[in-house]
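S.K.: This is the structure, below, for whatever I ask next.
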Amino acid sequence: MKEILYEETAFPYDYKRQKVFYIIDKVLMVLSFIVFGIGVFMFTITPMEGDFWWLFPTMIMVSFFLSGLFFFFIKKKFYNCYDYIFVTGDVRIIQVINTKKRKKMIIFDCKDVYGVGRYESETYEKFRNAPGVKTIFAPSNKFVADKPKYYIGATVDGVKYLIILECSEKFLSYILHFSGKQVLEKEF
């Protein structure tokens, strides 16, 4: 049988703006940690003057440290895209963070698929409300209505997943071809 490799990338709608947000976030994070380091250095070399001399500088240092941590953890929310990879019966969904780091979200076989259809359809709502179903949201444009979104229901290691994608119909046709059963919703 012939090997099939099909890959798509879902880029954010405002990719340049997210890159700007990411750069601003990284600069603010570095500045916060630098100010915190300078504060710790100044705190250690200043002489003690009274009972509560350390209270105000400590509050400032802690606030800069916490803001640096905040900027560190929020930077993963910007500048992300998703790779959808189909390789002869296997589907891989990978989150690409800041165009450098690749994080595996889920890998499943097409034979494990139990449903494919449009996002927010009646069948999607039925699958979403079923007990024990975990949802993986993998489109880059979470709130942009003009791009079509689809869902894929798959069972991986006994756990049912509902994966929301922003892919082409060609990608879905490969999944349907290799699933070997009728998994396409009737409203599609």
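S.K.: What pairs can you find where one residue is in region 1-13 and over 24 Å from Lys149 (Cβ atoms), the other is assigned to a loop (DSSP other than H, G, I, E, B), and their Cβ atoms are less than 9 Å apart, with a gap of 6+ or different chains?
M.R.: Met1/Thr88; Lys2/Thr88; Glu3/Thr88
S.K.: Give me a count of the residues in region 55-79 that are in contact (Cβ under 8 Å) with a residue 12 or more places away in the chain and under 15 Å from Val30 (Cβ atoms).
M.R.: So the first thing to find is which residues in region 55-79 are in contact (Cβ under 8 Å) with a residue 12 or more places away in the chain, and the list is 57-58, 60-61, 64-65, 67-68, 71-72, 74-76, 78-79.
Restricting the remaining residues to those that are under 15 Å from Val30 (Cβ atoms) gives 64-65, 67-68, 71-72, 74-75.
Residues meeting the conditions: 8.
Yes/no matrix, rows are residues, columns are (1) assigned to a strand (DSSP E or B); (2) under 18 Å from the mean Cα position of the chain (by Cα); (3) at pLDDT 85 or above; (4) of a type outside the set (Lys, Arg):
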{"position": "Lys126", "(1), (2), (3), (4)": "no, no, yes, no"}
{"position": "Pro131", "(1), (2), (3), (4)": "no, no, yes, yes"}
{"position": "Ala154", "(1), (2), (3), (4)": "yes, no, yes, yes"}
{"position": "Lys160", "(1), (2), (3), (4)": "yes, no, yes, no"}
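S.K.: Turning to a different aspect of this structure: Hey, among Gly50, Gly89, which residue is within 28 Å of Lys181 (Cα to Cα) and modelled with pLDDT under 85?
M.R.: The unique qualifying residue is Gly89.
S.K.: Quick check, is Phe108 of a type in the set (Phe, Trp, Tyr) and in a helix (DSSP H, G or I)? Full working, then the answer.
M.R.: Numbers: of a type in the set (Phe, Trp, Tyr): yes; in a helix (DSSP H, G or I): no.
Judged against the criteria, Phe108 is not a match.
S.K.: Look through Arg92, Arg118 and report the one residue that is out of contact with any helix residue (DSSP H, G or I) (no Cβ under 8 Å at 6 or more places or on another chain) and open to solvent by 10 Å² or more (accessible area, probe 1.4 Å).
M.R.: On the way: Arg118 fails: out of contact with any helix residue (DSSP H, G or I) (no Cβ under 8 Å at 6 or more places or on another chain).
The unique qualifying residue is Arg92.
S.K.: Residues of region 66-83 being open to solvent by 80 Å² or more (accessible area, probe 1.4 Å) and in contact with a Ser or Thr (Cβ under 9 Å, 6 or more places away or on another chain), which ones? Even if it seems obvious, please write down each step before you answer.
M.R.: Quick first cut of region 66-83, residues open to solvent by 80 Å² or more (accessible area, probe 1.4 Å) only: 66, 70, 73, 76-77.
Result: Leu66, Phe70.
S.K.: Of the numbered conditions (1) exposed (fewer than 13 other Cβ atoms within 10 Å of the Cβ); (2) modelled with pLDDT of 85 or more, Cys110 satisfies every one except a single condition; which is it?
M.R.: (1)
S.K.: Here's another thing I want to ask about it. Search region 146-165 for residues that are more than 14 Å from Gly132 (Cα to Cα) and pair each with any residue that is of a type in the set (Lys, Arg) and part of a strand (DSSP E or B) when their beta-carbon atoms are under 9 Å apart and the residues are at least 6 apart or on different chains.
M.R.: These pairs meet every condition: Pro148/Arg118; Lys149/Arg118; Tyr150/Arg118; Tyr151/Arg118.
S.K.: Hey, does region 171-181 have a residue that's surrounded by 15 or more Cβ atoms within 10 Å (Cβ to Cβ), modelled with pLDDT of 85 or more, hydroxyl-bearing (Ser, Thr, Tyr) and in a strand (DSSP E or B)?
M.R.: No: region 171-181 contains no residue that is surrounded by 15 or more Cβ atoms within 10 Å (Cβ to Cβ), modelled with pLDDT of 85 or more, hydroxyl-bearing (Ser, Thr, Tyr) and in a strand (DSSP E or B).
S.K.: In region 133-148, what residues are surrounded by 11 or more Cβ atoms within 10 Å (Cβ to Cβ) and either modelled with pLDDT under 85 or aliphatic (A, V, I, L, M) (or both)? Don't jump to the end; show me each part of the working.
M.R.: In the first step, residues of region 133-148 are kept if they are surrounded by 11 or more Cβ atoms within 10 Å (Cβ to Cβ); the result is 133-142, 144, 147-148.
If the condition is that a residue be surrounded by 11 or more Cβ atoms within 10 Å (Cβ to Cβ) and either modelled with pLDDT under 85 or aliphatic (A, V, I, L, M) (or both), then Val133, Ile136, Phe137, Ala138, Pro139, Ser140, Asn141, Lys142, Val144, Lys147, Pro148 are the ones that fit.
S.K.: Can we say Thr99 is touching a residue at least 40 places away in the same chain (Cβ under 8 Å) and loosely packed, with under 15 Cβ neighbours inside 10 Å? Steps first, please.
M.R.: Working: touching a residue at least 40 places away in the same chain (Cβ under 8 Å): no; loosely packed, with under 15 Cβ neighbours inside 10 Å: yes.
For Thr99, the condition - touching a residue at least 40 places away in the same chain (Cβ under 8 Å) and loosely packed, with under 15 Cβ neighbours inside 10 Å - is not met.
S.K.: Continuing with the same structure: Can you name the residue in region 1-41 that is under 18 Å from the mean Cα position of the chain (by Cα) and part of a loop (DSSP other than H, G, I, E, B) and is also surrounded by the most Cβ atoms within 10 Å (Cβ to Cβ) among such residues?
M.R.: Top of the filtered list is Pro12.
S.K.: Would you mind stating whether Thr99 is under 30 Å from Lys147 (Cβ atoms), out of contact with any Lys or Arg (no Cβ under 6 Å at 6 or more places or on another chain), modelled with pLDDT of 85 or more and not aromatic (Phe, Trp, Tyr)?
M.R.: no
The values are calculated or read from the model by the stated rules, or taken from the named source; none is laboratory data. Note that the structure is predicted; figures quoted are calculated from it, not measured. Every residue, glycine as well, gets a Cβ built from its backbone with ideal geometry; the counts of neighbours run over all protein chains shown. Surface areas here come from the heavy atoms of the whole protein model, side chains and all, with no ligands, DNA or RNA. Shrake-Rupley method; radii C 1.70, N 1.55, O 1.52, S 1.80 Å.
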